[in-house]
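What follows is a short report on a single structure.
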Amino acid sequence: MKTLGIIGGTAPESTIEYYRLIISSYRDQKRDGSYPPIIINSIDMKRMLDLIGAHELAGVTDYLLGEVKKLARAGADLGLLASNTPHIVFEDLRRRSPIPLVSIVEATCEAVKALRLKKVGLFGTRFTMQGQFYPEVFSRQGIALIVPGVDDQNYIHDKYMSEFVNGIFLPETREHLLTIVDRLKEKEGIQGLILGGTELPLILRDVLDRGIPFLDTTRIHAERAVAQMLA
């Protein structure tokens with residue numbers, strides 16, 4: 001049994017969800033009454049986002065590497081970043097990490113591929129929607145990623161930073177997000193939507209009336225991590 005290390009706090013609400021989902025997935029598979037060994041390092045989200053916003057990606061990598069090393073020293077055998085946004089430096093971080101890291105992007109790509117989808121929408125922070133870390137992985141599998149227009153990206157990002165990371169999930173925000181989904185489905189023909197922000201499933205969970213699957217990256221990532229813990 002491997003011990004999982006989590007870089008959390010990015011944001012706290014989704015870190016709580018990761019913990020719940022990992023325990024649930026583990027117990028579904030083990031069915032012996034046991035619980036998984038987990039170490040959580042809750043870091044300073046503002047420090048990380050300030051570095052990303054200033055395009056100081058080397059600084060982001062160095063910061064996260066220091067926090068991953070803390071997990072390794074605490075006894076973690078593998079780790080994950082409990083957020084999509086810091087995956088902007090995932091490849092550099094993985095090369096330097098003292099423990100194996102589980103990629104949320106690679107796990108999500110495999111989930112999309114399993115559903116045989118070829119064109120999917122992507123919601124997340126501005127850093128995720130405008131970054132190349134999702135397209136680089138998905139393009140290798142021939143899967144097209146569609147992001148909202150600039151105004152809709154600004155809306156999603158602003159709500160993410162002012163509401164979601166603070167645990168605020170309003171009905172009117174949910175409805176506006178679903179309007180953006182409908183627009184992408186009608187104009188771009190998306191076959192699914194990646195909830196590429198680990199707080200997004202908390203406001204867009206259980207959407208069954210849009211005719212396309214919503215891919216919960218938090219759940220996908222948590223389940224992949226459990227699979228590797230048990231491997």
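Quick notes
- Gaussian network model of the chain, springs between alpha carbon atoms under 10 Å - residue of L57, L202, L122 with greatest fluctuation: L57
- Rounded Å value of the spacing that divides the Cα centres of the stretch 164-231 and the stretch 42-69: 25 Å
- Remark: relative contact order (the stretch 105-217) = 33 percent; criterion is Cα-Cα distance under 8 angstrom and separation of 6 or more residues.
- Checking every one of the trypsin sites (Lys or Arg not before Pro) in the stretch 1-45 against DSSP loop status and a limit of 13 other Cβ atoms within 10 Å picks out R31.
- Considering only alpha-carbon pairs that sit under 8 angstrom and 6 or more positions apart, the relative contact order computed for the chain is 25 percent.
- Across every direction, the projection of the convex hull enclosing the Cα atoms of the stretch 113-231 has a mean area of 7.9 nm².
- Among F123, L170, L71 - extreme Cα towards positive end, dipole of the chain, charges at beta-carbon: L71
- Sum of -39500 (n - 2.57) over DSSP H runs of 4+, divided by residues of the chain (222 nm, nearest 500): -16500 deg cm²/dmol
- Each 10 Å bin, from zero up to the one with the longest distance, holds this percent of the alpha carbon pairs of the stretch 1-118: 13, 41, 34, 11, 1.
- Placing +1 on each Lys and Arg Cβ and -1 on each Asp and Glu Cβ, with no other charges, gives the stretch 84-230 a dipole about its Cα centre of roughly 540 debye.
- When semi-axes √(5λ) of the Cα gyration tensor in Å is computed from the coordinates, the matching label among [x] 34, 19, 15; [y] 24, 19, 18; [z] 27, 20, 17 is [z].
- Peptides 135-144, 188-197 ranked from most to least packed give 188-197, 135-144, packing being the mean of other C-beta atoms within 10 angstrom over each peptide's residues.
- Taking amide hydrogens as placed 1.01 Å from N in the peptide plane, the amide H of L215 sits under 5 Å from those of L193, I194, L195, each at least 5 positions away in sequence or on another chain.
Throughout, read-outs are computed from the coordinates displayed, never taken from laboratory work. Not measured: the values here are computed from a predicted model. Counting neighbours? That spans all protein chains shown, and the Cβs are built from the backbone with ideal geometry, glycine included.
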